[in-house]
Every structure is written in C-alpha cells, then in structure tokens.
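The values are calculated or read from the model by the stated rules, or taken from the named source; none is laboratory data. This structure is a prediction, so every number in the text was calculated from the model and none was measured. Don't worry about glycine lacking a Cβ; one is built from the backbone with ideal geometry, like all the others, and counts go over all protein chains shown.
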Amino acid sequence: MKFILLCLFLSSWSLASSNDLDHRPKSFKVSRGKAVFVDFTHATYHITYDISKRRTMVLADMKMNVVEAGRPVFDSVMKPYSVMLNGERVSVREVSTPSRETKVRVLNQDVPEGSHRLTIEIPLTNLVSFGGGGVKSAFWNSDINNRGFLERYLPANLEYDQVKMDFVVKFIGASTKQAIYTNGEVTEHPQNIFTISYPSHYTSSSIFFHTVPVNSVEEIRFNMKSIDGRDLPTVIYASSGSSEASNLEGAKRHAQSIVKELEGDYGPFPHPSITIYNAGTGGMEYCGATMSSLGALGHELFHSYFSRGVMPANGNAGWIDEALASWRDGGYQKSYSLQGTSRLSIWPYYNRFTDVNAYRFGERFMSYMDAKLESKGGLKPFMRHMVENKLFTPFFIEEFIAEMSEYYKESVKEDFYKYTFGNQNISNVSYVLKHQLPQGIEKAPQNEHPHHQKMSFEELENHL
Ligand SMILES: [Zn+2]
C-alpha cells in the first residue's frame, strides 16, 4: 500500500513538473543576458511576526530547476533585502517584460542548467496590522490586477508553476493566541510556532492564509458530507460582532446547498476541506477556500472547480473560469446569437491578469457555445469532463480550445478566435503559443460582473 501511495505521489509530482515546463513562458533579453523562467520545485517560507517590534520578516528557501541556462526569474512586489544563490550573495533587478505587460525580478547572474537553491530575505508589510497584543495578516489575491497573487506578499513564481510549499509561522512576543485559517495542513508547535504544509499542485494563486488574534473572529466548524462519502472539514468564520458573525448558521445552510448543487453538476468537491471567511462585498477564490459575501458564495465555491481546480496557466486563460462562473450565476442561459467580439484570449504574451470582460461578454460567449453545442449535450458535460480529467493541470487557452474540440469531435477554434481573439485571423495555434502576440492592445473598459465585485487592496485592509 505504501509503495502504491509512493508511486502515485511520484507520478503526480512528475506530471506537475512536466506541465510546469510545458507552460514556462519563453525567455527574453535583458541587458548582458537573458531572463529565463524556471521550475520551482519546493519553497519553505519562514514567516516571523515580531509583535513587540511590529515587524514581519520572511526568509524564503526555494529549490529551483533551471532548464534553460540564463538569468532566473522570480517575482516579489516588495524589494528583497538579500538574495543568495547556492549560498552566495547575488544581486537582483526588477525588469519589465518585452511589451511592458508586467514586471518581474531577474538575477544579475547567469546560471547553468540544473538544480539550484535561492534564499530570499524580504519584509512583509502588505495586509499586516499589529494591535491588541497580536497581529492580523492575510495573503489575499486579486486575479484582475497585475502582480496580484502570492508575489504581493512572498517571493513566488508566476501562476504556471506548481510548487510544493511549506510555511513555518512564528509569533514573537504575542500576548494573545493567534488563529490561523488556511487551506493547508496546520500543525501547532510549542512557543507560538505553526507549520503549514500545502499540496504540491498549488500555484501562486492557490493559497488562502489569514491569521488573526483568536478573539477577533467567531467561527462555526462542521463536517460537510461529500457525494463520494468523504467528510469535508468546513470552517466558516467572520469578524466578531459583525452582521456576518450573527448569521453563521445561515451561512452554513447556504454553503451546504451550494456544495450539493456543484457536486451534482461536476462531481465530488475537488479539495479536502472548505474554508470560508464571510466578509466584504463580492469575493475571491482559492483552493477550497474563499473570502466572500454570502451573495457571491456560489460564484466563489464554483471557482473551487474552475479556477482553483481546473487551473489557468496565465492571464489569457484566466477568463474561462470567470465566464463559466458568471454563466452559472446567470442560471446557465442559452443564447442563439452573439454580437461583438473581445480580446479575452489575446492580451500580450506575458500578461498575468484576467480581462474583466470575462464576466459579461464571457458569460454571453458561454451561453452562445452552450446553445451551439445543444445537440451534443451543451457545455456542462464538457465542464464535468474537464474536472474529471484536467484537475490541477494548469492550461493555456489554446489547450482548452483543443480539449473542447476533441471532446465534441468538432472544432470550436473559429468561435474562440471570432469572439475572444478580437476576430483576428490567427489560423495557426502554434503561432499563438510560440510568438509574440500583436502589440498595442488596449485595456478593455472596466465591465465587472455586478454579483462578483473584487475588492481593492484598500478595501481588503478594512476586512483584516
Ligand atoms: Zn470569479
């Protein structure tokens, strides 16, 4: 049995690793060298909250597989204090990608192919608030903003990379007990130290992490029964004294009915537990977790299947899950015609965020495809097929199109090109994968879904 489990573990690891390599963005020129994307295989983050000094430090110890010699790329919004490569100090620059889509950090040193170790010391200041003898801190994401994932808080890779991550969290000088809400396995040690182990399929958009003094929240814990017989440990919590905290039982009933609906449509819940922070307006999704209002909870838990189950590998694939979630929110409508087009799939190559037209236009596109494929059962059976066959396998939009064409035994390429590639006449998919996409694409008008607002960084601070 142990042997079988080991084989399963090793095969899932090697699958993740080869999928990472297949989705590694292409290298680009920087002065005196070339920036190369690597495959991070393991990252241990030592996160130390010093309550008396009101300061938080992170030491990230990361193993990386360099498969193309050059200057490795990682990202962190905050500037690191120090970076060591295999134990030697190395300098790092923040550079823009070729079409100025985004910024990343690049080592100022050529690195040969092979396994290397990167040790990065960095301050943590975003969404950290000291007070009452403890600390409130969260790693909340935004997929509609550039550099909006784990790199807001910790050194991380771009979203294509699945990395085994572990946290070692210490609270020094706390006079209150800290609670940790997260979608990993938490072990509590003496002296206010916690270790958290996350699954190896997680990416920079997967982790939900929130720590608060225990008395600042109220929670309800129960086991949700999955369709496959599993008990899913579930926690729903809210700020003490808030209106959400007074309705945790209502939230529980709502969450149970949503999971029942989703399991009926797409099979067993894809994650081993459920964490819900009931707060704010709208919400944001993580693997088996969300910070969400009750109104957006269905949308966010849907994302545990599409977005944090069937995962996008980059910004240009991120619209699929928003379009599908909005299509569900709207009651899975059919539409026999579709006006206009969009550039949902065709932002410049290194783009990292989701075009907000994913909500309204994306929903209409899914209604249109559902009607078009009506005689073959519509879209829902294909969505279930994706959950059953492509779970935790980050994809490019071109792969999604190919998978859908294969499933229906009918090419859907023309529809995607017409409505999501700005009606560009791109007939060769390999062109899209291997070459720079047309430049000068303008930012789409802000057109967010009314039921699914995403909160700004400032609003998130209010909900720590
Ligand atoms: Zn969404």
Hey, PRO381 hits all of (1) buried (at least 16 other Cβ atoms within 10 Å of the Cβ); (2) more than 16 Å from the ligand (Cβ to nearest atom); (3) modelled with pLDDT of 85 or more but one; which does it fall short on? (1)
Output the number of the condition that THR48 fails; it satisfies all remaining conditions of (1) surrounded by 15 or more Cβ atoms within 10 Å (Cβ to Cβ); (2) of a type in the set (S, T, N, Q); (3) within 21 Å of ARG24 (Cβ to Cβ). (3)
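Table: residues versus (1) closer than 20 Å to MET284 by Cα; (2) surrounded by fewer than 23 Cβ atoms within 10 Å (Cβ to Cβ).
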residue: ASN146; (1), (2): yes, yes
residue: ARG152; (1), (2): yes, yes
residue: PHE167; (1), (2): no, no
residue: THR176; (1), (2): no, yes
residue: ILE193; (1), (2): no, yes
Any idea which of (1) surrounded by 20 or more Cβ atoms within 10 Å (Cβ to Cβ); (2) at pLDDT 95 or above; (3) in contact with a helix residue (DSSP H, G or I) (Cβ under 7 Å, 6 or more places away or on another chain) is the one TYR359 doesn't satisfy? (2)
Among the residues of the range 251-305, which ones are part of a loop (DSSP other than H, G, I, E, B), of a type in the set (Ser, Thr, Tyr) and over 24 Å from GLY241 (Cα atoms)? SER273, SER304, TYR305
Pairs please, first residue from the range 290-303 and over 15 Å from ASP321 (Cα atoms), second anywhere and part of a loop (DSSP other than H, G, I, E, B) and among the polar types (S, T, N, Q), Cβ atoms under 6 Å, 6+ apart in sequence or on different chains. SER293/THR281
I'd like the full set of residues that are more than 20 Å from LEU150 (Cβ to Cβ) and among the hydroxyl-bearing types (Ser, Thr, Tyr), limited to the range 275-325. THR281, SER293, TYR305
Single residue of ARG328, ARG308 found to be modelled with pLDDT of 95 or more, assigned to a loop (DSSP other than H, G, I, E, B) and either within 13 Å of the ligand (Cβ to nearest atom) or within 27 Å of ASP22 (Cβ to Cβ) (or both): ARG308
From ARG89, ARG71, residue being crowded, with 18+ Cβ neighbours inside 10 Å, over 19 Å from the mean Cα position of the chain (by Cα) and charged (D, E, K, R): ARG71
Scan the range 182-202 residue by residue and report those that are touching a strand residue (DSSP E or B) at 6+ places or on another chain (Cβ under 7 Å), closer than 22 Å to ARG221 by Cβ and assigned to a loop (DSSP other than H, G, I, E, B). ASN183, GLY184, ASN192, TYR198
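Yes or no, residue by residue, for (1) of a type in the set (D, E, K, R); (2) at pLDDT 95 or above; (3) over 30 Å from ALA179 (Cα atoms):
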residue	(1), (2), (3)
SER31	no, no, yes
PHE37	no, yes, yes
ILE47	no, yes, no
LYS53	yes, yes, no
LEU59	no, yes, no
LYS63	yes, yes, no
ARG93	yes, yes, yes
Restricting to strands (runs of 3 or more DSSP E) lying wholly in the range 105-166: which have 3 or more residues that are under 22 Å from ILE276 (Cα atoms)? 134-138
